[in-house]
1. Where residues in segment B:13-31 are open to solvent by 40 Å² or more (accessible area, probe 1.4 Å) and not in a loop (DSSP other than H, G, I, E, B), which of them is farthest from B:R109 (Cα to Cα)?
2. Identify, by number, the condition in (1) out of contact with any strand residue (DSSP E or B) (no Cβ under 7 Å at 6 or more places or on another chain); (2) at negative phi; (3) open to solvent by 80 Å² or more (accessible area, probe 1.4 Å) that A:R22 doesn't meet.
3. Take the residues in segment A:82-105 that are open to solvent by 20 Å² or more (accessible area, probe 1.4 Å) and assigned to a helix (DSSP H, G or I); name whichever of them is nearest to A:V13 (Cα to Cα).
4. Please go through segment B:48-81 and give me each residue that is at pLDDT 95 or above, closer than 16 Å to B:A92 by Cβ and either assigned to a loop (DSSP other than H, G, I, E, B) or over 13 Å from the mean Cα position of the chain (by Cα) (or both), ordered by number.
5. Restricting attention to segment A:45-67, which residues are more than 12 Å from the chain's Cα centre (by Cα), surrounded by 12 or more Cβ atoms within 10 Å (Cβ to Cβ) and either among the polar types (S, T, N, Q) or within 19 Å of A:Q2 (Cβ to Cβ) (or both)?
6. Identify, please: which residue in segment A:1-47 is facing chain B (nearest Cβ under 10 Å) and among the aliphatic types (A, V, I, L, M) and is, among those, farthest from B:G3 (Cα to Cα)?
7. Return only the number of the condition from (1) assigned to a strand (DSSP E or B); (2) within 18 Å of A:Q38 (Cα to Cα); (3) out of contact with any Pro (no Cβ under 8 Å at 6 or more places or on another chain) that B:Q36 does not satisfy.
8. When you check B:R96 against the structure, is it of a type in the set (K, R), within 21 Å of A:Y101 (Cα to Cα) and not in a strand (DSSP E or B), yes or no?
Amino acid sequence: AQSVTQLDSQVPVFEEAPVELRCNYSSSVSVYLFWYVQYPNQGLQLLLKYLSGSTLVKGINGFEAEFNKSQTSFHLRKPSVHISDTAEYFCAVSDSGNQFYFGTGTSLTVIP
Amino acid sequence: ETGVTQSPTHLIKTRGQQVTLRCSSQSGHNTVSWYQQALGQGPQFIFQYYREEENGRGNFPPRFSGLQFPNYSSELNVNALELDDSALYLCASSRRSGGTEAFFGQGTRLTVV
């Protein structure tokens, strides 16, 4: 079985400051890792994904994440946040059948 | 904007009633999954359909059922609604291969009173 833990439920950060959203996962099989963003009253939009290969993955809107197999982590980072980054962020794992298992989410609030 | 369309966008039902939610998948995608997102929580996997058959199910009771049609669109049916069924229901379409991106619709907000 797969599970995802997002360690921070809320992260406030000042505009133009760096941010890291933490994600740890557990799985008995090989999985694929994703970060999705959800704006208010909307569905989920893919930020980035890790399938294999380079452990540093770059996504949209300046976000990147690093896969660390030994620590079973997939933390999301951005060097400089903008007001428009305020949203809910979800880490997820999927299996070979493309069934997704999500964390409980991290609410990122960018403060002007 | 993805090609996944869900209807209706909002719905209010009374406890004990039945509801049907609909999803049109993105062109070229043969797999549809449904998720329940309670307020303040992450989406929870309900079930997945591939080639019109259920292909995996999460920890949801049998009163949650679904269909997939030949054009890959899908329905989620919930019988005997309970107050705890109030949530955002998300549909996701993808290709069958593992590791491919799932494209999510805007969701249907179901309120059970």
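1. By that ranking, first place goes to B:S24.
2. A:R22 satisfies every listed condition except (1).
3. Only one residue fits best here, namely A:I83.
4. B:F60
5. Hits for segment A:45-67 are A:L51, A:T55, A:N61.
6. Per the criteria, the residue is A:V4.
7. (3)
8. Numbers: of a type in the set (K, R): yes; within 21 Å of A:Y101 (Cα to Cα): yes; not in a strand (DSSP E or B): yes.
Yes, satisfied.
The values are calculated or read from the model by the stated rules, or taken from the named source; none is laboratory data. The model shown is predicted, which means the values in this text are computed figures rather than measured ones. Cβ: placed from backbone, ideal geometry, glycine included. Neighbour counts: every protein chain shown. Each accessible area value is taken on the protein alone, full model and side chains, heavy atoms only, with ligands, DNA and RNA left out. Shrake-Rupley method; radii C 1.70, N 1.55, O 1.52, S 1.80 Å.
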